[in-house]
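Here is the structure we will look at, set down as structure tokens.
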Amino acid sequence: MSEGRVENLIIVGGGPAGYTAALYAARAELQPLLIEGFQWGGQLQNTTDVENYPGYPEGIMGPEMMTDFRKQAERFGTRFITDDTTELRLTDGDIHEVVVGKETHRARAVILAMGAEPKRLGIPGEMELQGAGVSTCGVCDGAFFKGKDVAVIGGGDSAMEDSIFVSKFADKLTIVHRRDDFRASKIMEDRARSKDNIEVLTPYKPLEFVGENGKISAIRLEQSESGEEKVLPVGGAFVAIGHTPRSELVSDQVDTDEDGYVRVEEPSTKTKLAGVFAVGDLVDHTYRQAVTAAGSGTKGALDAEWYLRDTPGPDPEAHWGKQTGAIIEAVEAS
């Protein structure tokens, strides 16, 4: 236990949403504790050029931008733990507990900002060429592929949306899907097929992203039925097979949808538990942009500030006494 201290606010997750929530909370003098994770910075930590975030007219590298976010939150008094949260014990209006390794931190309010991660194909070259022609976000990176032949891997609405957007810049775009049938809605599939520079290649599954001189040059494919291999020359590839929200620590405590995204009482960031808020890509399965995550973090901080302002603080000693009593009873019963 962290010396019996009860924080006003603990923020779990160090991406655009978490850092922005920390900035607003710190400026409101809530003295937030941000458990940012060992690999802090979220998905932008693995992103090269960011050109679509307001305030950076010349663009900026993803890790540099996350460092700026972090410094700004720190300037106003945010404290950081650069380690992973291992357990969350959430309550409904009582003191919440956030476990990091062997330490337990307590708080009156918690903002969940663990984000989401793109699903991977798990094939050779995918991680090695990430940021060197392989991307997981067409809206973020499509403009970098102007005049190139590119491919989008996937068969759902996300793949169709990425294809339609990237086709504005690419000379030729090939949608590669392992089945003949698409999971995408019919209207999205029809929109993608109607583009003159979009072709569909099915049923093929990617086996390898091939690099040349440090950049992607081709995708090695396999025909799903015959096993015949094919090499598709490309100057870029977008993996669009969905995202996985990092909600595993709280999925049995707050409401989540069928895909694991945390449900909130929109337009607020409130979960079903008093004093627990959720922001960023942990909630958003539609936009998934750094700027929308930051906006969501702002909402979360304001919601937490208003909650703390309007809700009498529980007695930490009474809470700790209840916990101790429960432990003693469990030991005696055994």
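Structure above, values below:
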{"item": "So residue 78, is it without any contact (Cβ under 8 Å) to a residue 40 or more places away in the chain, of a type in the set (Ser, Thr, Tyr) and assigned by TED's automatic domain parsing to the domain that holds residue 285", "result": "no"}
{"item": "Residue check, residue 123 in contact (Cβ under 8 Å) with a residue 60 or more places away in the chain, touching a Pro at 6+ places or on another chain (Cβ under 8 Å), surrounded by 15 or more Cβ atoms within 10 Å (Cβ to Cβ) and not small (Gly, Ala, Ser)", "result": "yes"}
{"item": "Neighbours by Cβ (under 7 Å, 6+ apart or cross-chain): first from the range 148-159, without any contact (Cβ under 8 Å) to a residue 40 or more places away in the chain; second in a helix (DSSP H, G or I)", "result": "157/188"}
{"item": "Residue 187, sole failed condition from (1) in contact (Cβ under 8 Å) with a residue 12 or more places away in the chain; (2) more than 24 Å from residue 45 (Cβ to Cβ); (3) of a type in the set (A, V, I, L, M, F, W, C)", "result": "(1)"}
{"item": "Any hit, the range 244-258, residues being without any contact (Cβ under 8 Å) to a residue 60 or more places away in the chain and among the aliphatic types (A, V, I, L, M)", "result": "no"}
{"item": "Considering residues of the range 202-216 that are in contact (Cβ under 8 Å) with a residue 60 or more places away in the chain and not charged (D, E, K, R) only, the residue surrounded by the fewest Cβ atoms within 10 Å (Cβ to Cβ)", "result": "214"}
{"item": "Selection count, the range 55-85, where residues are surrounded by fewer than 16 Cβ atoms within 10 Å (Cβ to Cβ), at pLDDT below 95 and in contact with a strand residue (DSSP E or B) (Cβ under 6 Å, 6 or more places away or on another chain)", "result": "2"}
{"item": "From 286, 298, residue being over 13 Å from residue 95 (Cβ atoms), at pLDDT 95 or above and among the polar types (S, T, N, Q)", "result": "298"}
{"item": "Positions within the range 126-138 being surrounded by fewer than 20 Cβ atoms within 10 Å (Cβ to Cβ) and assigned to a strand (DSSP E or B), in sequence order", "result": "130"}
{"item": "Test result for residue 127, under 30 Å from residue 30 (Cα atoms) and not small (Gly, Ala, Ser)", "result": "no"}
{"item": "Matching residues, the range 178-196, being within 27 Å of the chain's Cα centre (by Cα), closer than 23 Å to residue 222 by Cα and assigned to a loop (DSSP other than H, G, I, E, B)", "result": "178, 182, 183, 184"}
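The values are calculated or read from the model by the stated rules, or taken from the named source; none is laboratory data. Since we're looking at a predicted model, the values are computed, not measured. Please note: Cβ atoms are built from the backbone with ideal geometry, for glycine as well, and neighbour counts cover all protein chains shown.
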